[in-house]
Amino acid sequence: MSLTAHAGVLHLSPLARRRALLGWGALAIGFAAHHTSLSSVGHVVTNPAHAWRSIAGYSTIRAVTPFLRRPLTAPSQTSRFLSSRPPAQSVISFAKSHNMPQLTPPQPAPSWNHSAEDITRLTKEAIEKDRQLQDKIAALSHDQCNFESLALADGEAIFDSITEPLSFYQNVSPSKEIRDASNNAEVLVRDFGVESSMRLDVFEAKAAAEKNIKASGRELNPEEQRLDRKELTDLKKELSQVCLEFSKNFNEENGVVSFTLEELKGIPADVISGYTKRTVDGKELYDVTHKTPDIFPLFKYAEAPETRKKAHESYEARLEINAPLLTRALDLRRKITVLLGYKTWADYVTEVKMVKNAANVETFLNDLEQKLRPVGSKERETLLALKQAEHKEKNLPFDGEFYIWDYRYYDRKFIEQSLSLDDSLVKEYFPVSVVVPTILEIYQNLLGVRFEEVKGETWHPDAQMFAVWEEGAKDESGFVGYCYLDLFPREFKYSHAAVWPLLPGYAQHDGKRSYPLAAMVANLAKSTPDRPALMRHDDVVTFFHEMGHVFHGLLSHTQFSRFHGTSVARDFVEAPSQMLENWCWEPRVLEKMSSHYETKKPLSAELIEKIVKSRYVNVGLFYLRQLFFAKFDLKVHTDQEATDYTALWNDLRTAISLVKGGKPGAGQGSFGHIVGGYDAGYYGYTYSLVFAADMYATVFKRDPLDPALGQRYRESILKPGGSREETDSLKEFLGRPSNSDAFMKELFGNESGVDT
């Protein structure tokens, strides 16, 4: 899609779209890809192996009952992490709803007290039970095969209801024993996926069922037809294990980079107070972890260029151990591509997305780069002039170059000078204890639901559980599902922000619903000795975005689990949450969710105006950086031969992002997206902005807090999930096919050259 094309003309190919993501091969023949549609939805950085579960991403993560009700052997005390323990100071308080009846959810919350032995045993039992189901289906005579007798959708839902939460532990558990068992269980599940995908006897039963359905004249409803498309996965065990190893390294990275207090000049005192201090040879050093709340302030505030450089090079190299794993994953994908008869891995992956093929991705990215480059070049000149002036003032050497570790620092300086906007001052108005409940309140009012905190067991004391109900619910029929929030950093926890749609909603045979469960994992700054936990405005936007994924997972209502919630085309899945980011730039919303941690006053109108004006400052450089990631991703998945990926990473960044790197680092080792469900798909973050901008400008801009518009959004976008084409959902919501006008105007103003 070129930037002047109408997005509404794009449509998915008639092939089955729920093929395996995360580098799993699929043959476009026959059989619904049983066990291979595991996927994710993550924001910006998705968990390398489970991003496909994390909403960053798109899931068909499904069902419920056995996991909820199955009795477990009592684990040892050392492997239990229950919220019945004393609550952590970081847990957030929420106001109680006094005018609503206290209701009991019709579905109990999951158990989170598994031992390592439980995880292994339950996973093996689930695999064996599902294998028996497949044996039973394979044993049917061809005349006995029909939609009901195959029952693959039910088997898939039951299997995933057990294995999905068990696999989730590796992202959040403080116990190495639990994390290792969870990771190993994922290996068992993926290996079983290989076995299942290659069962010709089950495929033949599926083909017979399809023939019998046609002959009988039985008409399948639209969602049943969508489930019945031809899919067969050629999943390679080695590729699966490479992705899992990458993920494990990603989650367990715990390196630090150390500085003296002098080297940290410019860093806000409240940030420094959160660093671990130690003494070496009589010199005090501060250890800075690679977690976002720790290291990103160095990029923005450290006055010494050498400090920023040192921090960047440490951050860039933190996962160089993953570089050979990525190389191996790309080699395996090229081999699978040949077996499947596709030109490139990117063509294989994009065939079932809205963009349709790799050539269209390349056109889209090239078109956007052409428009952004002159904008970014001017912005670079402005920031470079700021650098030159500062270096002259401080008598620092100036070589005429603009480095990657200069970008965030001078971007902040430019905003401060041009708008008199101090990011550290803005942060004082966003205490976590105020922002998180207020954002939940906004969503509840907009979408007609309510959150009720449940004091039950979780995987860690920091994690909180909520039952979600329809507003005004009077009995269990108003139950929506469960939500978990695990918001603060800790050792060995997933290090970015993402949502895992652990259990989907779907219709059971007895007419009852199985209800969804979504878990948000984030890394908001904790409180310090001097201040409560505060959020940068960027953090507020991220949290609002991720909650959009949560509600996509909760408010979808489909017949089958594999189409629930975020199980949509990968280049559309971010669009709803990207649309919702707009709320964080609306003056009355900013006023509503701000409260200075000392004075309790909201943001002033003057400060709000400055925040809104800052939104598109240096937008060219920002999106050129996004294009670098997307183009690296596309190139490594279209090249026919391997190359030096470290050199490619560094060379492409310089060429596209217009910033120079220093010591070449294996930054691709931390690019979890392309082994975590976004392979040949990173373009989707920008591509989906076309739809996000159109939805907001057309429907919500006039009144973003209007519950009537929220209900329209629920019905047209959230409720269908992946049970129909995304273009159909967009057309219903917008009242017309989507187009790129709003996106182009957003980036370039009225002189965008949009072809209307």
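Partner aspartates and glutamates whose Cα lies under 16 Å from the Cα of Lys427, excluding those fewer than 8 positions away in the same chain, are identified as Asp270, Asp294, Glu416, Asp530, Asp538, Asp539, Glu591, Glu598, Glu606, Glu609. Each pair of Cα atoms in region 567-698 enters the Kirkwood radius, and Stokes-Einstein at 4 °C and 1.567 mPa s then converts it into a translational diffusion coefficient of 74 µm²/s.
If R0 equals 25 Å, the separation of the Cβ atoms of Thr276 and Gln417 corresponds to a calculated FRET efficiency of about 0.15.
Between Asn366 and Thr260, the FRET efficiency from the beta-carbon distance, with R0 = 56 Å, is close to 0.75. Label separation (Ala139 vs Arg121): 2.7 nm, computed from points 7 Å beyond Cα along the C-beta direction.
Each residue, Met198 and Phe398, gets one label point 7 Å from its Cα in the Cβ direction; the gap between the two is 6.4 nm. Each residue, Asp538 and Lys378, gets one label point 7 Å from its Cα in the Cβ direction; the gap between the two is 2.4 nm.
Sequence-distant contacts, meaning Cα pairs under 8 Å at least 6 residues apart, place the relative contact order of region 405-534 at 19 percent. Judged by the gyration tensor of its Cα atoms, with axes a ≥ b ≥ c, region 100-228 is oblate; a/c meets the 1.5 cut and b/c is at least as large as a/b. Packing here is the average count of other Cβ atoms within 10 Å per residue, and on that basis the peptides 575-585, 177-187, 555-565, highest first, run 555-565, 575-585, 177-187. Largest accessible area first, the residues His549, His460 order themselves as His460, His549 under a 1.4 Å probe with ligands, DNA and RNA left out.
Taken one residue at a time, the phi angles of region 391-398 give Karplus couplings (6.51, -1.76, 1.60, θ = phi - 60°) of 5, 5, 4, 9, 6, 9, x, 10 Hz. Gly and Pro are set to x. Between Lys663 and Gln640, the FRET efficiency from the beta-carbon distance, with R0 = 25 Å, is close to 0.25.
Using only the Cα atoms of region 254-300, build the gyration tensor, take square roots of its eigenvalues as a ≥ b ≥ c, and label the shape rounded, prolate or oblate: rounded if a/c is under 1.5, else prolate if a/b is larger than b/c, else oblate. Since a/c reaches 1.5 but b/c is at least a/b, the shape of region 254-300 is classed as oblate.
Give Lys283/Lys392; Lys300/Lys493; Lys378/Lys745; Lys356/Lys663; Lys455/Lys493; Lys613/Lys731 a once-over and call out the pairs whose C-alpha atoms are over 27 Å from each other.
Pairs exceeding the cut-off: Lys283/Lys392; Lys356/Lys663; Lys613/Lys731.
When you count the other C-beta atoms within 10 angstrom of each residue and take the mean per peptide, 136-144, 440-448 line up highest first as 440-448, 136-144.
The values are calculated or read from the model by the stated rules, or taken from the named source; none is laboratory data. Remember, predicted model here, so these are calculated numbers, not experimental data. Here Cβ is always computed from backbone atoms with ideal geometry, including for glycine, and neighbour counts include all displayed protein chains. Accessible surface is based on the protein model in full, side chains and every heavy atom, while ligands, DNA and RNA are left aside. Shrake-Rupley method; radii C 1.70, N 1.55, O 1.52, S 1.80 Å.
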